[in-house]
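*Asks:* One structure follows; several queries about it will come next.
The values are calculated or read from the model by the stated rules, or taken from the named source; none is laboratory data. Predicted, not measured: the structure shown is a model, and the values here were computed from it. As a convention, Cβ positions derive from the backbone with ideal geometry for all residues, glycine included, and neighbour counts pool all protein chains shown.
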Amino acid sequence: VKIWESVLNLPTVGVKENFFELGGHSLLVTKLLRRVEHTFGRRLSMAAIFEAPTIEQQASVLGNSSALRWQSALAPIQPAGSRPPFFCFGFSAGPVFRALAGRLGSDQPLIGVDPTLIEGSQVPAPYRMEEIAACIAKQMRELQPDGPYYLGGICAGGLVAYATATHLLAQAQQVATLALFEPHTSHHDHSVEHSNGFRHGWLSQRVKFHIQNLQPLEAKEAMAYMRDHIRERSRVLFNLVNGHLHKLLNDLRLCTRNGRQQNIQNILGPALKAYRPEPFPGQVALFQATHREPGGDWERQYWMELAPKLGIHEVPGYSNWIVRFFVEPNVDILASKLRTYLPGAQNAGS
């Protein structure tokens with residue numbers, strides 16, 4: 001109880017109260033997991049917080065290691081329902097999808113897929129995106145042995161979802177839908193497109209873009225905009241530094257054990273950087289924000305060339321503030337568009 005009160009910054013917490021309904025989000029989940037491991041010497045996954053979101057349930061899990069049935073990368077955000085699950089990929093984004101799960105209806109399962117929670121030792125060499133996708137697909141097929149599969153992904157999670165969908169097709173499995181929410185493009189293609197950006201006033205355009213976005217916002221929303229944007233830039237900088245450190249450690253042969261990488265972060269960064277998506281023949285739905293950063297118009301054409309069966313949808317918001325897709329009122333618009341790609345969609349939420 002004391003751990004929850006400290007993490008959530010609340011004076012009192014009941015043992016039957018839901019962590020997320022009390023204000024828990026992805027950063028607080030990470031903090032909670034660290035505190036639990038430090039206090040009890042037991043390491044829980046993010047899936048554990050979704051499957052056991054109360055103090056009472058988590059106490060039971062800590063006392064029974066077999067109480068959880070979810071694989072490391074999968075988080076049961078909304079596990080109930082008779083329809084095939086919607087697997088939604090995101091880096092530490094699990095709690096972000098809760099509002100979307102609620103809008104899709106009680107009969108539509110939504111399973112979060114967080115690549116950062118994969119055990120590094122499960123990914124075989126040469127540690128490419130293809131091996132990561134195969135590892136995730138294996139976990140998905142343990143939950144749902146055969147298609148049709150419904151996948152989605154946000155930002156870098158969109159690229160991992162794309163690679164996983166490609167792997168499932170190669171296994172002769174049906175991928176009915178691949179939904180991409182402001183997905184990152186490949187590092188190579190992004191670098192080529194923006195190689196001359198600074199010479200053409202790219203930085204001044206971006207500053208102007210952010211100022212224009214901030215002007216209509218109320219003070220509280222403006223602070224959230226700046227906080228989330230700084231957090232995202234910090235994450236990008238961390239990944240860049242982490243990538244260089246990974247290369248150094250790899251050269252020194254210090255980050256492997258028995259020939260296997262142990263840290264998934266050391267695998268994901270270089271894999272994302274090296275990944276070059278192949279054309280995808282199935283149905284793809286691209287969800288983009290109405291307000292786009294300067295120089296981002298080419299991304300739509302990029303995905304059109306990769307996916308001939310591409311449906312394009314706009315959601316009110318900012319391309320650099322993607323988390324706003326998943327809060328009211330934008331999440332209602334997103335859910336209504338996404339339903340058309342999911343099984344039994346016309347009856348969802350009715």
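*Asks:* Among (1) under 16 Å from LEU180 (Cα atoms); (2) out of contact with any Leu (no Cβ under 9 Å at 6 or more places or on another chain); (3) surrounded by 15 or more Cβ atoms within 10 Å (Cβ to Cβ); (4) at pLDDT below 90, which single condition is LEU306 missing?
*Replies:* Failed condition: (4).
*Asks:* Taking only segment 1-16 into account, find how many residues are free of Cβ contacts under 8 Å to residues at least 12 places away in the same chain and part of a loop (DSSP other than H, G, I, E, B).
*Replies:* Residues meeting the conditions: 3.
*Asks:* Which residues, counting only those in segment 116-130, are in contact (Cβ under 8 Å) with a residue 24 or more places away in the chain and out of contact with any strand residue (DSSP E or B) (no Cβ under 7 Å at 6 or more places or on another chain)?
*Replies:* Of everything in segment 116-130, those that are in contact (Cβ under 8 Å) with a residue 24 or more places away in the chain and out of contact with any strand residue (DSSP E or B) (no Cβ under 7 Å at 6 or more places or on another chain) turn out to be THR116, LEU117, ILE118, GLU119, GLN122, PRO124, ALA125, ARG128, MET129, GLU130.
*Asks:* Next question, about the same structure. Which one of the conditions (1) of a type outside the set (Phe, Trp, Tyr); (2) free of Cβ contacts under 8 Å to residues at least 24 places away in the same chain; (3) under 19 Å from LEU272 (Cα atoms) does ALA172 fail to meet, given that it meets all the rest?
*Replies:* With respect to (1) of a type outside the set (Phe, Trp, Tyr); (2) free of Cβ contacts under 8 Å to residues at least 24 places away in the same chain; (3) under 19 Å from LEU272 (Cα atoms), ALA172 is out only on (3).
*Asks:* Still on this model: Can you pull out every residue in segment 37-59 that is part of a helix (DSSP H, G or I), within 18 Å of SER92 (Cα to Cα) and touching a residue at least 24 places away in the same chain (Cβ under 8 Å)?
*Replies:* MET46, ALA47, ILE49, PHE50, GLU51
*Asks:* Just wondering, is there one or more residues in segment 98-107 that are of a type outside the set (Asp, Glu), closer than 12 Å to TYR150 by Cα and modelled with pLDDT of 90 or more?
*Replies:* no
*Asks:* Can you name the residue in segment 112-161 that is in a helix (DSSP H, G or I) and of a type in the set (S, T, N, Q) and is also nearest to GLY90 (Cα to Cα) among such residues?
*Replies:* THR116
*Asks:* Report yes if ALA80 is part of a loop (DSSP other than H, G, I, E, B), in the same structural domain as ALA172 (by TED's automatic domain parsing) and of a type in the set (A, V, I, L, M), otherwise no. Before you say what the answer is, go through the steps one by one.
*Replies:* Numbers: part of a loop (DSSP other than H, G, I, E, B): yes; in the same structural domain as ALA172 (by TED's automatic domain parsing): yes; of a type in the set (A, V, I, L, M): yes.
Spelling it out, ALA80 is indeed part of a loop (DSSP other than H, G, I, E, B), in the same structural domain as ALA172 (by TED's automatic domain parsing) and of a type in the set (A, V, I, L, M).
*Asks:* Further, regarding this structure: Criterion first (under 13 Å from the mean Cα position of the chain (by Cα), in the same structural domain as GLU314 (by TED's automatic domain parsing), outside any helix (DSSP H, G or I) and modelled with pLDDT of 95 or more) does PHE91 satisfy it?
*Replies:* Working: under 13 Å from the mean Cα position of the chain (by Cα): yes; in the same structural domain as GLU314 (by TED's automatic domain parsing): yes; outside any helix (DSSP H, G or I): yes; modelled with pLDDT of 95 or more: no.
When the stated conditions are applied, PHE91 does not pass them.
*Asks:* Quick check: anything in segment 236-256 among the hydrophobic types (A, V, I, L, M, F, W, C), modelled with pLDDT under 80 and closer than 29 Å to PRO329 by Cβ?
*Replies:* Our first condition is that a residue be among the hydrophobic types (A, V, I, L, M, F, W, C); within segment 236-256, this holds for 236-238, 240-241, 245, 248-249, 252, 254-255.
Of the ones still in play, those that are also modelled with pLDDT under 80 are 236-238, 240-241, 245, 248-249, 252, 254-255.
Remaining after also requiring closer than 29 Å to PRO329 by Cβ: 236.
Yes, the conditions are met somewhere in segment 236-256.
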